[in-house]
Amino acid sequence: MKKALVVANWKCNPSTEREVGKILNEVKRQIRKITNVQVVICPPFLFLPFLREKIKNTKIVLGAQDVFYQGGSFTGEISPKMLKKFGVKYVITGHSERRKLGEDDQIINKKIKSLLELKMNPILCVGETKEMREKEKQFEVVERQILAALRNVKKTLLDNLIIAYEPVWAISTNKGKLCSSDDIMTMKLFIKQLFEKNFGAKISEKIKILYGGSVNDKNIQLVRSAGIDGVLVGGASLNPQKFILILKAFS
Ligand code: PEP
């Protein structure tokens with residue numbers, strides 16, 4: 001059976017290592033019973049060393065919330081190679097909160113390329129704004145974002161890519177509403193077809209598609225019923241009780 005993938009995006013939270021420890025101790029206490037789920041936690045960069053120690057001998061894998069596309073004279077940045085050497089396996093790329101800060105398709109393309117070349121797992125976030133959804137342009141937006149992010153990427157490297165469909169209007173910090181299970185399923189099929197058309201049936205079959213946007217312990221069964229490969233969880237991943245219930249739903 002294919003393992004589900006559950007990714008915690010802690011964003012710019014919590015504020016102290018002590019709080020990180022509290023969340024992790026509770027998750028670790030309960031995670032032993034969880035089977036068949038790949039759990040990834042993406043903390044702020046500053047907490048990666050602490051997290052790496054804390055998750056030793058657990059099922060949790062290290063993730064990052066972003067990366068720059070190379071090393072060198074780039075003040076304030078972190079390179080893919082640094083993350084890889086440190087033990088980070090998954091990297092969220094093109095999150096809508098970064099796009100809002102000015103990250104464009106070209107930059108995202110460079111990031112995806114460097115991560116795939118290092119055999120890391122980029123989690124490419126795509127999704128339409130409220131305005132685009134109202135104009136029924138969600139498929140157009142997602143197609144453009146995916147094709148732009150994968151421009152000139154070698155097909156042979158795509159095995160490690162993960163797509164997260166995250167409608168911007170559904171993200172909890174935007175006071176988002178959960179996307180309906182039917183709409184998640186329709187988008188999943190659309191993405192599969194897009195991959196088949198552009199990269200072939202084998203890749204389309206293999207590509208993992210996650211959903212993200214206001215997922216919590218109360219709606220996780222509904223989200224799961226859309227037949228996705230896992231979820232990207234923001235707000236609810238900071239609450240260990242809620243996060244464990246989300247993991248249990250896939251276990
Ligand atoms: C996110 O921003 O990646 C996300 C999924 O957030 P939330 O779960 O809080 O909507």
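The values are calculated or read from the model by the stated rules, or taken from the named source; none is laboratory data. Predicted model only: the values in this text are computed from it and were never measured. Methodologically, a virtual Cβ is constructed for each residue, glycine included, from the backbone with ideal geometry; neighbour enumeration extends over all protein chains shown. Remember, those area values only see protein heavy atoms, side chains included, never the ligands or the DNA or RNA. Shrake-Rupley method; radii C 1.70, N 1.55, O 1.52, S 1.80 Å.
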Mind ranking 47, 74 by accessible surface for me, highest first, 1.4 Å probe?
74, 47
Using the scaling law 2.2 N^0.38 Å as the reference, what is the normalised Cα Rg of region 10-55?
1.16
On the accessible surface of region 4-250, probed at 1.4 Å, how many percent belong to carbon and sulfur atoms?
51 percent
Ranking by accessible area, most exposed first, for 130, 177, 188 with a 1.4 Å probe
177, 130, 188
Just to verify a number: what accessible area does residue 129 come out at with the full protein assembly present, 1.4 Å probe, Å² rounded to tens?
60 Å²
Test of the criteria: in region 7-102, which GluC sites (Glu not before Pro) are in a DSSP loop and have at most 15 other Cβ atoms within 10 angstrom of their Cβ?
77
With a 1.4 Å probe and all protein chains left in place, how much accessible area per residue does the chain have, in Å²?
50 Å²
18 Å Cα-Cα reach of residue 175 towards lysines, excluding residues that sit fewer than 8 places from it in its own chain:
11, 100, 130, 218
GluC sites (Glu not before Pro) within region 125-227: which are DSSP loop residues with at most 12 other Cβ atoms inside 10 Å?
136
When the solvent-accessible surface of protein heavy atoms is calculated with a 1.4 angstrom probe, in what order do 50, 243, 68 fall, highest first?
50, 68, 243
At 1.4 Å probe size, what's the solvent-accessible area of residue 105? Round to the nearest 10 Å².
40 Å²
For every helix of n ≥ 4 consecutive DSSP H residues, a contribution of -39,500 (n - 2.57) applies; sum these over the chain, divide by its total residues, and give [θ] at 222 nm rounded to the nearest 500 deg cm²/dmol.
-12000 deg cm²/dmol
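Could you pull out the pairs from 84/119; 89/242; 3/59 whose alpha carbons sit more than 18 Å apart here?
89/242
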Probe 1.4 Å, all chains present, heavy atoms only: residue 168 accessible area in Å², nearest 10, is 30 Å²
